[in-house]
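Structure record follows, encoded as structure tokens.
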Amino acid sequence: MDIQTSKANGILTIEFNRPDKKNAITSAMYQSMADALSDAEDDSAVRAILIIGKPEIFTAGNDLDDFLKHSSAMTGDRPVAQFMRHLSTATKPVIAAVSGSAIGIGTTMLMHCDLVYASETAKFSMPFTQLGLCPEFASSMLFPQLVGYQRAAEKLLLGEAFTAEEALEIGLVSRVLPLADLVSFAQAQAAKLVALPASSLRTTKRLMKSAQMEAVQQRMLEENKHFGEMLGAGEAKEAFTAFFEKRRPDFTKFS
């Protein structure tokens, strides 16, 4: 299974399990994660959710072959939108443990998690402009709020990768740990949450997020509209063609 899920001791663990493809995410994988999050909402035995990858890679983002195959349906019902909607509205605490690269949505999804821990090997990037696209899933709103406009602009406009230490400094992650300790530490943090009153956690999370929940969902829709339009434009076609041809894209012919 490219997505492995397990429930134990009150924790739902969702694991990217496609290391031969750098954990690149397909529509089927998004659907599996969306279904797991949806089921967790109604399962009183689940009191915390943990998302992990492999030691060498969190996720390379979208599987481009699969992504382009399904790109004509930029709707709110597509699996990636279902996953992000369930993640962004989850009432239970969500923890992410990141080692290796977290590219594109691999970084975007972290802004919707409650606790984010990274290994010293973690690298983050949101290379949307490099692909002729725009930010996704409310990252254009949440990232500037989190790190400040100038720092967000540097990451979102240039799309360049940044280290775990910088992610800690700007506030994207809560703690940086040795690779060998990452998952066990995240599991221990999840166990602490499981031991706390579930109603207190739900209420505290809702109070922190409710003020802008509607704005987050609205920004997701707005970004999706622009993303879909840009996906069919010449810049994105040049970027993806260059990627598959293993060359640098040439955007100088576009204004």
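Diffusion coefficient of segment 136-233 by Stokes-Einstein, Kirkwood radius over Cα pairs, 10 °C, 1.306 mPa s: 97 µm²/s. Under 26 Å of direct C-alpha separation, and excluding same-chain neighbours fewer than eight residues apart, Lys225 reaches these lysines: Lys69, Lys155, Lys209, Lys237, Lys253.
Using only the Cα atoms of segment 194-239, build the gyration tensor, take square roots of its eigenvalues as a ≥ b ≥ c, and label the shape rounded, prolate or oblate: rounded if a/c is under 1.5, else prolate if a/b is larger than b/c, else oblate.
Working: a/c = 7.02, a/b = 2.99, b/c = 2.35.
Because a/c hits 1.5 or more and a/b exceeds b/c, segment 194-239 counts as prolate.
For segment 164-217, the spherically averaged projection of the C-alpha convex hull amounts to 5.2 nm². Comparing segment 78-188 with the 2.2 N^0.38 Å rule of thumb, its C-alpha radius of gyration ratio is 1.02 (two decimals).
Could you work out how far helix 234-244 tilts from the main Cα principal axis of the chain, as a 0 to 90 degree angle to the nearest 10? Rounded to the nearest ten degrees, it is 70. Computed over neighbours whose Cβ is under 12 Å from that of Asn23, the net charge equals -1, Lys and Arg +1, Asp and Glu -1. Contact order for the chain, expressed relative to its length and based on alpha carbon pairs under 8 Å spaced 6+ residues apart, stands at 19 percent.
Comparing Cα centroids, segment 86-132 and segment 1-79 end up 12 angstrom apart. Over all Cα atoms in segment 9-164, the spread is summed up by Rg and Dmax: 14.9, 44 Å. In this structure the amide hydrogen of Thr26, modeled in the peptide plane, comes within under 5 Å of the amide hydrogens of Asp63, none closer than 5 places in sequence on its chain. In segment 33-92, the portion of solvent-accessible area held by carbon and sulfur atoms comes to 48 percent [1.4 Å probe, whole percent, DNA, RNA and ligands not counted]. Rolling a 1.4 angstrom probe over the protein heavy atoms with all chains in place gives segment 153-255 an accessible area of 63 Å² per residue.
Near the amide H of Ala48, within less than 5 Å, lie the amide hydrogens of Leu12, all on another chain or at least 5 residues away, with H placed in the peptide plane.
Residues in segment 136-142 carry Karplus couplings, in order, of 10, 6, 6, 5, 5, 9, 6 Hz; the curve used is 6.51 cos²θ - 1.76 cosθ + 1.60 with θ = phi - 60°, and Gly or Pro positions show x.
The values are calculated or read from the model by the stated rules, or taken from the named source; none is laboratory data. Please read all numbers here as calculations on a predicted model, not as lab measurements. Note that we place each Cβ from the backbone using ideal geometry, even for glycine, and neighbour counts take in every protein chain shown. What goes into the accessible areas is simple: the full protein's heavy atoms, side chains included, and nothing from ligands, DNA or RNA. Shrake-Rupley method; radii C 1.70, N 1.55, O 1.52, S 1.80 Å.
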